1. Considering only DSSP states other than H, G, I, E and B, which GluC sites (Glu not before Pro) in region 57-121 qualify as loop sites with at most 16 other Cβ atoms within 10 Å?
2. Bin width 10 Å, alpha-carbon pairs only: give the P(r) of region 75-114 as whole percents, running from 0 to the bin holding the largest distance.
3. Could you work out the mean projected area of the convex hull around the alpha carbons of region 83-155, in square nanometres to one decimal?
4. Counting only protein heavy atoms and using a 1.4 Å probe, what share of the accessible area of region 82-155 belongs to carbon plus sulfur, as a whole percent?
Amino acid sequence: MQQHSGSAADTRTAIPPSPGAYVVISVLAAVVLSMASGFAGRPAGNAWGWLLTASEAPSLRLEGLTDGAVIGGPDFAQTSGVLRTETPERLAEATVALDGQPLQAGFGGDGSVRVPLEGLADGPHVLAVTQQPSLLLPEVDRRWTFTVDTQSAPP
């Protein structure tokens, strides 16, 4: 009686991998490739920086208005606001809303969104930028408040 020794002469047939194994291998290859693209241009100690920066909130600044401002009087017609970011790709899914009404989805290629102030009623207003988090995009919930007061005399 012969025993199987596991040598090259062994005549056992190999079982082919299941289709699920191909899926797992494909996913692992995609992860490795995305990590490799994230490594490009980074110091060796910061190879995982692509993952860390995905969770950081992008910078946003509001030009022409300040949080808590009271605007109105004779200069109101010339007042305008612009939201700016240096990383518009990180706000691809963001919604910009004024008093709950969407102004624009995402930021343009120049990283700006105009905030229309014409026709706003007197009273408090809220400008909000929100974005639900995803694997590659951070959560964003940033708000600015300002008040329109066209009835008061200028200071």
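The values are calculated or read from the model by the stated rules, or taken from the named source; none is laboratory data. Keep in mind the model is a prediction, meaning the values are calculated, not measured. Counting neighbours? That spans all protein chains shown, and the Cβs are built from the backbone with ideal geometry, glycine included. For accessibility, only protein heavy atoms count, side chains too; no ligands or nucleic acids. Shrake-Rupley method; radii C 1.70, N 1.55, O 1.52, S 1.80 Å.
1. Values: sites: E63, E86, E89, E93, E118; in loops: E86, E93, E118.
Taking region 57-121 and a limit of 16 other Cβ atoms within 10 Å, the loop GluC sites (Glu not before Pro) found are E86, E93, E118.
2. 29, 48, 20, 3
3. On the way: hull surface 22.9 nm².
That works out to 5.7 nm², a quarter of the Cα hull's surface.
4. Numbers: 2190 of 4200 Å².
Result for region 82-155: 52 percent of the exposed heavy-atom area is carbon or sulfur.
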